[in-house]
Amino acid sequence: MPEGPGINDNGSGSAGLIEVAEKLAKETKGGKKLTNKVRFAWWSAEELGLLGSDHYVKTLTAKQKKNIKLYLNFDMIGSPNGAELVYDGDNSDNTGSGPGPKGSAQIEGLINGFLDKKKVPHWGTDFDGRSDYGAFIANGIPAGGTFTGAEGLKTEEQAAKAGGKAGQPYDPNYHAAGDTLKNIDRKIFATNIDVIAHAVGTYAHDLRSLKG
């Protein structure tokens with residue numbers, strides 16, 4: 001957005017993907033092969049109406065759509081007053097939109113399980129259509145991922161369990177001039193890079209959990 005430098009929104013998710021992509025490239029450099037193909041994508045014009053991701057999905061053939069077994073979305077993962085929010089693939093929170101396509105619940109479960117092992121408090125967040133997963137779930141492709149919050153207000157429970165200020169925006173610099181490197185929560189940012197690495201590393205080698 002013209003109003004802000006865009007470091008958390010969404011330089012954070014973009015940087016997280018680069019970090020994991022570089023590590024994955026090093027893992028496979030010596031000839032080690034992945035069981036499944038992994039594609040990293042950085043979408044243009046999300047703020048203007050999800051234009052990049054929507055165009056990409058529209059240009060896929062039916063066969064190509066079928067070959068995409070899942071989509072992972074990481075948009076704003078370093079909010080300065082953030083909470084660890086995981087896309088609610090099974091609609092267990094029963095708020096807003098319904099569940100994601102079959103397999104989305106399992107993606108949510110994989111991420112929640114990882115965060116539980118790390119003892120990181122986490123909460124569900126609705127597939128509200130505000131990020132690039134929209135076109136994928138509309139075409140029946142299971143999706144999941146994490147988000148640390150934008151202009152929404154942090155709850156008392158979230159502040160008690162994860163720190164930060166209740167009643168204040170997750171990111172007070174959302175679409176504003178303060179969205180700079182100075183206003184990134186590096187701890188939650190690092191946690192989410194670990195989430196990306198775990199999910200990508202798991203699905204690169206084994207998709208069986210999607211059918212659990």
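Rounding to the nearest 10 and keeping the result within 0 to 90°, find how far the Cα-based axis of helix 104-117 lies from the longest principal axis of the chain.
Once rounded, the angle reads 60 degrees.
Helix 13-29 versus the longest principal axis of the chain: what is the Cα-based angle in degrees, 0 to 90, to the nearest 10?
Rounded to the nearest ten degrees, it is 40.
Could you order K29, K154, K58 by accessible surface area, starting with the largest, using a probe radius of 1.4 Å?
Ranked list, largest accessible area first: K29, K58, K154.
Looking at the chain as a GNM with Cα springs under 10 Å, which of L70, L153, L60 has the largest mean-square fluctuation?
Of L70, L153, L60, the Gaussian network model singles out L60 as fluctuating most.
Could you work out the local net charge near Q168, counting Lys and Arg as +1, Asp and Glu as -1, over the other residues with Cβ closer than 15 Å to its Cβ?
Cβ neighbours under 15 Å give a net charge of -3.
Let me make sure I get this right: for segment 19-63, a, b and c are the square roots of the gyration tensor eigenvalues over alpha carbons, sorted descending. Under 1.5 in a/c it's rounded, otherwise prolate if a/b > b/c, else oblate. Which is it?
oblate
Using Cα atoms only, what is the angle between the long axis of helix 186-205 and the major principal axis of the chain, expressed in degrees (0 to 90) to the nearest 10?
10
What is the dipole size for the chain, taken about its Cα centre, with +1 at each Lys and Arg Cβ and -1 at each Asp and Glu Cβ, in debye to the nearest 20?
The dipole of the chain has a size of about 1280 debye.
The values are calculated or read from the model by the stated rules, or taken from the named source; none is laboratory data. All values reported here derive from a predicted model rather than from experimental measurement. All Cβ positions, even for glycine, are placed from backbone atoms using ideal geometry, and neighbour counts span all protein chains on display. The area values use the complete protein model at the heavy-atom level, side chains included, leaving out ligands, DNA and RNA. Shrake-Rupley method; radii C 1.70, N 1.55, O 1.52, S 1.80 Å.
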